[in-house]
Amino acid sequence: MLRVDKKTKIALLRMMLRSRLFEEKIVSVYGKQDMKTPVHLYIGQEAVAAGVCAHLRREDYIFSTHRNHGHYLSKGADMSGMVAELYGRRTGCAKGKGGSMHFVDVSCGCMGTTSIVGGSIPLAVGGALAAKVRKEDRVSVAFFGDGAADEGVFQESLNFAALHKLPAVFVCENNYYATNSHQDARHAHGNIAKRGHAFGMHSERCDGNNAEAVYIASRKAVNRARRGLGPSLLEFSTYRWKGHVGPDCDYMKGCRPKEELESWQKKCPIEAYKKIILKEHILDQSGIDAICAEVSSEIEAAWSAALAAPYPAAEELYKDVYR
Amino acid sequence: MPWTKVLIDKAEFENTLGKQGLRGLSYRAALLEAHTQLLESDPAVIVIGEGVDDPGGVFGSTLDLHKKFGRERVYDMPIAENGLTGVAVGAAACGLKPVFVHMRTDFLPMCMDQLANHAAKWHYMTGGKVNIPLVVRSLIGRGWGSAAQHSQALYSLFTHIPGLKVVAPATPYDAKGLLVSAVRDGNPVMFFEHRWLYDFTGYVPRESYAVPFGQGAVRRAGKDVTIVAVSLMVYEAVKAARLLEKDGIDAEVIDPRTLKPLDEKLILESLAKTGRLVVADNAASFNGFSAEVAALAAEKGFGLLKAPVRRVCLPDVPVPASPELEKAYYPGAEDIAQAVRLALKA
């Protein structure tokens with residue numbers, strides 16, 4: 001197994017904590033009903049965004065989905081712009097026009113997110129095509145779930161990216177549920193990564209709750225893209241703790257077995273990684289606590305700024321339809 | 001003005017503008033010239049579509065571009081319309097200016113998700129941070145039994161989606177100038193070409209020029225009735241106006257050129273003069289572009305109207321195959337002239 005250096009280990013933990021604490025804050029305030037946008041929480045899946053984004057440079061592109069908070073934070077997007085967007089404020093990253101499902105931060109290659117399942121996949125291929133045509137050293141990453149693998153554009157995009165050897169990385173987060181439909185009810189064959197082989201593409205399936213496993217698999221995929229060896233498909237097995245949308249768990253509604261959720265919660269990517277960090281003496285508990293405190297104060301500052309910011313003026317409605 | 005002149009056939013061009021030493025070019029050649037100049041002048045422009053590099057070159061409009069500009073910028077695509085539209089949208093978001101070409105408009109419904117949900121919305125959803133400079137060209141077919149899936153004119157569908165612009169050039173001059181504008185516009189532009197326009201010849205300057213969006217053209221000035229005609233129907237309307245001359249009726253023919261944005265001012269000014277409106281469209285009438293023009297007259301020109309608005313459109317049925325049914329399906333100059341006569345009787 002390839003080594004992961006100390007600095008990277010801390011960075012991975014930090015990225016995961018940033019995603020987790022950010023969303024726990026959403027959970028804690030959502031009942032007030034002043035965050036008027038549907039939230040699709042990423043809690044439980046944080047290792048994927050961290051392990052992938054750890055390899056990405058500021059100028060690399062990512063295209064994401066409705067479940068995008070972790071991707072954006074891990075890629076380095078401005079948190080205050082995201083929170084203001086959640087609250088529909090003028091200072092939001094999309095000026096209050098996007099909401100939770102449409103964050104953007106062009107300064108770090110976060111080119112937008114889509115709530116149409118599968119939509120991010122061809123867009124990311126387009127980013128890779130642009131990089132190739134413009135002879136820029138950039139990689140373009142598509143984040144999507146197992147539900148998106150059902151869509152025609154998934155197949156279409158893989159084929160085109162492989163055909164033109166584009167610098168794309170397809171990151172499928174298999175959390176086994178498309179809204180409430182289990183993968184078993186949707187897929188004739190459960191291994192999504194294998195579909196990459198049909199296009200002659202490097203493909204790998206690995207544990208999406210193990211930050212270092214994600215990091216190592218992604219290193220290969222991103223390096224291949226950078227070296228002009230074409231796209232890769234990575235399937236990460238993981239699990240979303242909350243319901244499809246909203247701050248609550250959904251097992252009580254019968255959406256899935258409670259035992260299933262509990263068994264995955266025992267495999268929490270962050271708790272597991274904290275143990276490794278401590279065991280390997282990368283940080284001690286006070287070091288971990290210090291990261292949590294730092295992230296928490298960033299979150300509190302972002303929340304205060306967002307809540308103090310004005311709403312967009314009504315005239316804003318008609319702006320930005322066209323350039 | 002030579003650039004607004006509608007000439008019914010090549011002989012007419014040669015007997016008029018050609019004699020004045022103006023350069024005549026077919027619609028297809030005008031499109032090819034626009035592509036060539038756009039590719040030459042802007043490295044961000046790429047052309048992608050099924051058959052753009054085949055020996056036909058999309059009926060000549062992209063012929064041999066790949067030989068001149070290479071397959072990095074001009075290439076064929078897998079038969080995956082929605083996926084490739086998404087690729088083009090993503091590429092546009094990241095700095096390219098793709099021209100995406102469909103030999104048949106009928107394949108656009110396969111791209112609808114990426115056009116309606118992504119291309120059209122991206123600029124707004126990102127608060128204006130990311131724009132999508134994408135042009136989607138498509139051809140409207142007609143005749144030879146092309147039938148229900150190879151002859152549709154679906155532009156009205158796209159005018160209903162905020163964030164898209166929709167253009168339908170009728171003349172070679174506009175085909176070139178509007179394509180230049182479309183590529184430079186910075187927004188997703190749906191560019192509709194009627195296949196039957198491809199052989200029409202008109203004045204086309206050699207140098208690159210842009211025809212602005214939202215400016216219609218008066219194809220024939222007149223005082224008795226306003227005919228607003230779209231795409232191929234512009235020619236039918238001009239022919240109808242010539243027929244009507246014999247009855248002593250002086251028709252004004254207006255070509256909006258861009259359906260969205262629409263030159264409302266030009267239409268209302270004409271209506272103020274004539275008081276009568278006939279809309280000639282080569283799409284279905286129900287909830288179509290012709291209905292929008294009629295609504296414009298009702299909302300903003302009601303006091304100007306001396307007679308009910310009349311529409312000459314395609315019937316609300318799928319396009320048939322048999323030549324006899326096609327004949328019954330497509331209205332022409334005589335139908336427009338008849339609608340004008342009725343409008344004048346009211």
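The values are calculated or read from the model by the stated rules, or taken from the named source; none is laboratory data. Quick caveat, the model's predicted, so the values are computed rather than measured. Every residue, glycine as well, gets a Cβ built from its backbone with ideal geometry; the counts of neighbours run over all protein chains shown.
Brief remarks follow.
- Of all residues in the stretch B:254-278, those being buried (at least 19 other Cβ atoms within 10 Å of the Cβ) and under 15 Å from the mean Cα position of the chain (by Cα) number 9.
- Only listed residue being touching a strand residue (DSSP E or B) at 6+ places or on another chain (Cβ under 8 Å) and under 20 Å from B:Thr159 (Cα atoms), chosen from B:Asp199, B:Asp185: B:Asp185
- Remark: A:Gly70 matches the filter, which requires a residue to be outside any loop (DSSP other than H, G, I, E, B), in contact (Cβ under 8 Å) with a residue 24 or more places away in the chain and within 13 Å of A:Val171 (Cβ to Cβ).
- The residue that is nearest to A:Leu12 (Cα to Cα), counting only those in the stretch A:206-256 that are among the charged types (D, E, K, R) and outside any helix (DSSP H, G or I), is A:Asp207.
- Among residues of the stretch B:127-175 being in contact with a Cys (Cβ under 8 Å, 6 or more places away or on another chain) and on the phi < 0 side of the Ramachandran plot, the one that is nearest to the other protein chains (Cβ to nearest Cβ) is B:Lys129.
- Among the residues of the stretch A:206-261, those that are among the charged types (D, E, K, R) and farther than 23 Å from A:His66 by Cα comprise A:Glu212, A:Arg219, A:Lys220, A:Arg224, A:Arg226, A:Arg227, A:Lys258, A:Glu259, A:Glu260.
- None of A:Val106, A:Val48 is over 14 Å from the mean Cα position of the chain (by Cα) and of a type outside the set (Ser, Thr, Tyr) except A:Val106.
- Qualifying residue in the stretch A:174-189 (condition: among the aromatic types (Phe, Trp, Tyr), farther than 30 Å from B:Glu72 by Cβ, in contact (Cβ under 8 Å) with a residue 12 or more places away in the chain and part of a helix (DSSP H, G or I)): no
- Qualifying positions in the stretch A:111-150 - under 18 Å from the mean Cα position of the chain (by Cα), part of a loop (DSSP other than H, G, I, E, B) and more than 7 Å from chain B (Cβ to nearest Cβ): A:Ser115, A:Val117, A:Gly118, A:Val139, A:Asp146, A:Gly147
- Annotation note: Cβ proximity below 8 Å between a residue of the stretch A:306-323 that is within 12 Å of A:Gly92 (Cα to Cα) and more than 10 Å from chain B (Cβ to nearest Cβ) and a residue that is at pLDDT 95 or above and in a helix (DSSP H, G or I) (sequence gap 6+ or interchain) occurs for A:Ala306/A:Ser80; A:Ala306/A:Val83; A:Ala306/A:Ala84; A:Ala306/A:Leu86; A:Ala309/A:Ala84.
- With respect to (1) more than 27 Å from A:Val125 (Cβ to Cβ); (2) within 12 Å of another protein chain (Cβ to nearest Cβ); (3) not hydrophobic (A, V, I, L, M, F, W, C), the lone exception for B:Arg23 is condition (2).
- Residues that are over 17 Å from B:Val180 (Cα atoms) and out of contact with any Phe, Trp or Tyr (no Cβ under 9 Å at 6 or more places or on another chain) within the stretch B:21-43 comprise just one, B:Gly21.
- Filtering B:Gly24, B:Gly18 for residues that are free of Cβ contacts under 8 Å to residues at least 24 places away in the same chain and not hydroxyl-bearing (Ser, Thr, Tyr) leaves a single hit, B:Gly18.
- Residue list for the stretch B:286-332, filter: in contact with a Cys (Cβ under 7 Å, 6 or more places away or on another chain) and in a helix (DSSP H, G or I): B:Ser290
- Yes/no for B:Val99 being touching a residue at least 40 places away in the same chain (Cβ under 8 Å), touching a Leu at 6+ places or on another chain (Cβ under 7 Å) and within 14 Å of chain A (Cβ to nearest Cβ): no
- All of B:Leu115, B:Leu84 fail the test of being crowded, with 21+ Cβ neighbours inside 10 Å and either within 7 Å of chain A (Cβ to nearest Cβ) or outside any helix (DSSP H, G or I) (or both), apart from B:Leu84.
- For B:Gly275: the one exception among (1) without any contact (Cβ under 8 Å) to a residue 60 or more places away in the chain; (2) under 19 Å from B:Lys5 (Cβ atoms); (3) touching a helix residue (DSSP H, G or I) at 6+ places or on another chain (Cβ under 7 Å); (4) not hydrophobic (A, V, I, L, M, F, W, C): (2)
- Verdict on A:Lys95 being basic (Lys, Arg), assigned to a loop (DSSP other than H, G, I, E, B) and in contact (Cβ under 8 Å) with a residue 60 or more places away in the chain: yes
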